[in-house]
Amino acid sequence: MSEGQARRVQEQFGPSATAYVASAGHAAGEDLDTLLAWGRARRPARVLDVATGGGHTALAFAGIARTVVAFDLTEPMLRAARDFIRGRGAPNVAFAAGDVVALPFGDGAFDAVTCRIAPHHFADVAAAIRQIHRVLRPGGSFLVQDILGHDDPDTNAFITEVEKRRDPSHVRAYRAAEWGAFLRAAGLTVMDEAVVRKVRVWDDWTGRMRMSAAARGELEAFVRRAPERCRAAFDFKLAGETIESFTDRMILLRADRD
Ligand SMILES: C[S@@+](CC[C@H](N)C(=O)[O-])C[C@H]1O[C@@H](n2cnc3c(N)ncnc32)[C@H](O)[C@@H]1O
């Protein structure tokens, strides 16, 4: 990853680590249940959770695997995930720091790799997926979830601007066809696919990234000025001038190594 992007990620997520551990939207949901159900059916012994954040996906998979490695670029995030997971009494999770584009693991080291709500931060998603393919054994499963890119260019530009103003480490979200192309190019075949909705409560969502009052005010003015069809595409709920929530669509994929 470019040094600039790695620094942006670490600056954003380091001071927000405990907020991610506490985030209800990360701790649970239909999205995590679906990934776990797909994972359980594959009976993986060795799991790698890439971009573990607060550690919720790693903890869930610790219940179905022999060992899990929780991996993240941001060391304070990894420490917060370790405290959280150890506090939950899961003995089979190890922790490792690094960048997804240089995974410090051998070829074929894992039966499954998970990566939830993170690829939109990667500078080079294709390179990340090639690394994930390398560390999967043949027949192993990549279980990924991320924000789904919007097909309409103006609507997509609107939500990308909203995301970047809230979190400068947001790169972009990809459409389903783009995901299919990345996975195929790396030698992974899509076996399961789903789209689920996730409601973002505005105060929680902006607060988790510690936006200043001024930056948040400017972001809210940007949302209010946007064309109605852009807000409608994400079901923005406003009470007068106050933004209450919006809804993201998340793509979930299971792709197996050929
Ligand atoms: C929203 S959090 C992930 C949430 C988590 N997977 C879950 O299920 O709750 C995004 C994480 O991606 C990590 N990250 C971003 N870019 C990365 C990279 N290039 N390599 C590894 N981790 C990265 C950040 O440090 C951050 O902890």
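The values are calculated or read from the model by the stated rules, or taken from the named source; none is laboratory data. Model, not experiment: these values are computed from the prediction. Backbone-built Cβ (ideal geometry, glycine too); neighbour counts: all protein chains shown. Just the protein is used for accessible areas: all its heavy atoms, side chains included, with ligands, DNA and RNA removed. Shrake-Rupley method; radii C 1.70, N 1.55, O 1.52, S 1.80 Å.
Considering 187, 217, the condition of being among the small types (Gly, Ala, Ser), open to solvent by less than 40 Å² (accessible area, probe 1.4 Å) and under 25 Å from residue 124 (Cβ atoms) is satisfied by 187 alone.
Among residues of the stretch 14-33 being over 21 Å from residue 60 (Cα atoms) and near the ligand (Cβ under 9 Å from one of its atoms), the one that is least open to solvent (accessible area, probe 1.4 Å) is 16. Screening residue 141 on (1) over 18 Å from residue 52 (Cα atoms); (2) more than 15 Å from the ligand (Cβ to nearest atom) shows it passes everything except condition (1). Residue under question is residue 251, and the condition is that it be open to solvent by less than 20 Å² (accessible area, probe 1.4 Å) and part of a helix (DSSP H, G or I); does it hold? Against the criterion (open to solvent by less than 20 Å² (accessible area, probe 1.4 Å) and part of a helix (DSSP H, G or I)), residue 251 does not qualify. All conditions in (1) out of contact with any Cys (no Cβ under 8 Å at 6 or more places or on another chain); (2) within 21 Å of residue 118 (Cα to Cα) hold for residue 64, with the sole exception of (2). Just one of (1) more than 26 Å from residue 199 (Cβ to Cβ); (2) out of contact with any strand residue (DSSP E or B) (no Cβ under 6 Å at 6 or more places or on another chain); (3) within 12 Å of the ligand (Cβ to nearest atom); (4) not charged (D, E, K, R) trips up residue 64, so point out which. Looking at each condition in turn, residue 64 falls short on (3).
For the stretch 67-115, filtered to residues that are under 23 Å from residue 31 (Cα atoms) and of a type in the set (Ser, Thr, Tyr), the residue that is nearest to the ligand (Cβ to nearest atom) is 114.
Within the stretch 113-132, residues that are closer than 20 Å to residue 67 by Cα and open to solvent by 20 Å² or more (accessible area, probe 1.4 Å) have Cβ atoms under 7 Å from residues that are near the ligand (Cβ under 8 Å from one of its atoms) and at pLDDT below 95 in no pair, counting only partners at least 6 apart in sequence or on another chain.
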